[in-house]
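In what follows, a structure is listed as structure tokens, so that the remarks can point back to it.
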Amino acid sequence: MSAAAKSAAASNRPRRSQQQRREASRRRLLDATAEVLIAQGYAGASIQAIVERAGLSQGALFRHFENRLALMRAVANDIGDRLLERYIERFRALQPGADQDWLLLSLELLRDNCRSPLQQAWFELLMAARTDAALHQTLAPVWARNQRETIALAARLLPEAHATLGEARFAEMVEAVVSLFHGEAVDQMVRADAAADEARMRWVYQTLSAQLATA
């Protein structure tokens, strides 16, 4: 394509509004931060590393976020939203029917979500918060929000279990399973044992099935 043709094609493309450009830049920064957390960990997630991956300037970053901590808070919220969206999309795409075991399906999808690269970015933030008081204070409300939304989502997707167990017991079940799969995912960073994974899933499934049957 000639330079003139390229110029004409570019001029024919609809121009993005200032708001659209701002949203696109913010999205690039959030994605870049999560990618750097996954690849280099929290210690390696410097402002310079993030803007280089995003292809933006430091000035552009600070137009969106007051400081690095504000960026990490936004990323933590974004990761939580994206993980829930990912679960919803995959659950609904499978369309569990009467001939499928919805409990086993939901457990398998949850385990897969907990082992996803995006979840690793969240783990990096949580582990860094152990020794970083400011980050800990920043992430505590994000963690609480994620917990509430995870339980609410589980209740929507698994209404029969929610009705059978009741609000309190259902919440306990969801929190216990999520915590187990989170711990398992962290262990997976240094330990891979397919047989143990299978045995653990069998135990969780049988335990929950028994609770639902006797509730």
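The trypsin sites (Lys or Arg not before Pro) of region 164-215 that DSSP puts in a loop, and whose beta carbon has at most 12 other beta carbons within 10 Å, are Arg191.
Simple spin-label estimate for Arg63 and Ala215 gives 5.1 nm between the two label positions (7 Å along the Cα-to-Cβ direction from each Cα). Along its first, second and third principal axes, ordered by size, region 103-215 spans 44, 33, 18 Å in Cα coordinates. 3J(HN,Hα) along region 54-66: 6, x, 10, 8, 5, x, 5, 4, 6, 6, 9, 10, 4 Hz, from the Karplus curve 6.51 cos²θ - 1.76 cosθ + 1.60 with θ = phi - 60°, whole Hz, x for Gly and Pro. Between helix 194-214 and the chain there is an angle of about 60 degrees, using the helix long axis and the longest principal axis of the Cα atoms. Heavy-atom surface analysis with a 1.4 Å probe gives the chain a carbon and sulfur content of 52 percent of its accessible area. Taking Cα atoms only, the orientation of helix 167-187 departs from the longest principal axis of the chain by about 60 degrees. As a length-normalised measure over Cα pairs under 8 Å and 6 or more apart, the relative contact order of the chain settles at 19 percent.
Relative contact order of region 104-195, please, whole-number percent, based on alpha carbon pairs below 8 angstrom and at least 6 residues apart.
Details: 27 pairs, mean separation 31.1, N = 92.
It comes to 34 percent, rounded to a whole number.
Each residue of region 40-45 was assigned a 3J(HN,Hα) from its phi angle through the Karplus curve 6.51 cos²θ - 1.76 cosθ + 1.60 (θ = phi - 60°); the sequence is 10, x, 5, 4, x, 8 Hz, with glycine and proline shown as x. Taking θ as phi - 60° and the Karplus parameters 6.51, -1.76 and 1.60, the scalar couplings of region 134-146 work out to 5, 5, 4, 5, 6, 7, 4, x, 5, 4, 5, 4, 4 Hz in sequence order, x denoting glycine and proline. Within the chain, the percentage of alpha carbon pairs spaced more than 30 angstrom apart rounds to 37%. Give, as a single signed number, the net charge of other residues whose beta carbon lies under 14 Å from the beta carbon of Ser46, with Lys and Arg counted +1 and Asp and Glu -1. Value of the local net charge: -1.
About the centre of its Cα atoms, the chain shows a dipole size close to 1320 debye [charges on the beta carbon of Lys, Arg (+1) and Asp, Glu (-1) only; nearest 20 debye].
The values are calculated or read from the model by the stated rules, or taken from the named source; none is laboratory data. Source: prediction; values computed, not measured. Here Cβ is always computed from backbone atoms with ideal geometry, including for glycine, and neighbour counts include all displayed protein chains. Areas reflect the complete protein model, heavy atoms only, side chains present, ligands, DNA and RNA absent. Shrake-Rupley method; radii C 1.70, N 1.55, O 1.52, S 1.80 Å.
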